[in-house]
1. Could you work out the local net charge near K136, counting Lys and Arg as +1, Asp and Glu as -1, over the other residues with Cβ closer than 15 Å to its Cβ?
2. Measuring with a 1.4 Å probe in the full set of protein chains, what accessible area per residue, in whole Å², belongs to the chain?
3. Over all directions, how big on average is the projection of the convex hull of the alpha-carbon atoms in the range 93-186, in square nanometres?
4. How much FRET efficiency would the formula 1/(1 + (r/R0)^6) give for N105 and T160, where r is the Cβ-Cβ distance and R0 is 25 Å, rounded to 0.05?
5. Along the range 170-180, what does the Karplus equation 6.51 cos²θ - 1.76 cosθ + 1.60 (θ = phi - 60°) give for ³J(HN,Hα), rounded to whole Hz, x for Gly and Pro?
6. Could you tally up the Lys pairs in the range 75-155 with alpha carbons closer than 19 Å? Skip any pair fewer than 8 positions apart unless they're on separate chains.
7. In whole Å, what three semi-axes, largest first, describe the equivalent ellipsoid of the chain built from its Cα gyration tensor (square root of 5 times each eigenvalue)?
8. By the scheme Lys and Arg +1, Asp and Glu -1, what is the net charge of all other residues having a beta-carbon under 15 Å from that of E168?
Amino acid sequence: MHSYYTSGDHDDAEFINDPNFSASQQIGSTYQNGTVNNRGHQIAKAQRKVTKVARTQTNYNTNMTPQNGELNSGEWLKLEEKERGKWMCSDTLYMVSGCHFDNYNTTVRNNDGKTCPVPTHYFKVMLRTKSGRTGKSVASCSASELICAAYLVANDATATPQIMSVAELEKRVGFTFFVNVPNAPKTTYTRTDWE
């Protein structure tokens, strides 16, 4: 995240298949009537307004998951607004957004009849410089110059995002984040940096 990418006024409402994948590998993002899920952008459309191409890429079906509509327009939106607002800095904010499956018990069908599993959780992982204005790459910073944290939230209308260390989220979801930043302080976080 950087103000460069959020600047501009490009908008594109068309949802399309990602040209880098075959259509058979993608599930269209319009879910059948009656579902509580809607298109959950992994990279929010408001975060890539700088060019028409960047904005269009946020509407690829590969960037969508069936996310609870109330979560998407509520607590999840609040996190996205913090990414574009108080967490963004002159240095780059590195943010990983993703979905997680504790199980595959819940599915939805799209309007073409394809079945899609519904994630049980969503997460955001953030890393940036503490001051926000070092002019340095995070990979060249010391641990004392960096801050990071993670949020995990159930894919539910009433869920509240839970803040935790990046290391804790890594154990939960099975991914390793920021592998190219050896000094990232992944075992600690300061809650007030990310509220």
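1. +1
2. Roughly 51 Å² per residue, with all protein chains present.
3. Averaged projected area of the range 93-186's Cα convex hull equals 7.8 nm².
4. That gives a FRET efficiency of 0.70.
5. Ordered by residue, 3J(HN,Hα) equals 4, 5, 6, 9, x, 10, 10, 9, 6, 5, 8 Hz.
6. Going through the range 75-155 pair by pair, I get 6.
7. 29, 20, 15
8. The answer is +4.
The values are calculated or read from the model by the stated rules, or taken from the named source; none is laboratory data. None of the values given here were measured: they were computed from a predicted structure. Virtual Cβ from ideal backbone geometry, glycine too; neighbours counted across all protein chains shown. The protein model used for the area step is the full one, side chains on, heavy atoms only, and it has no ligands, DNA or RNA in it. Shrake-Rupley method; radii C 1.70, N 1.55, O 1.52, S 1.80 Å.
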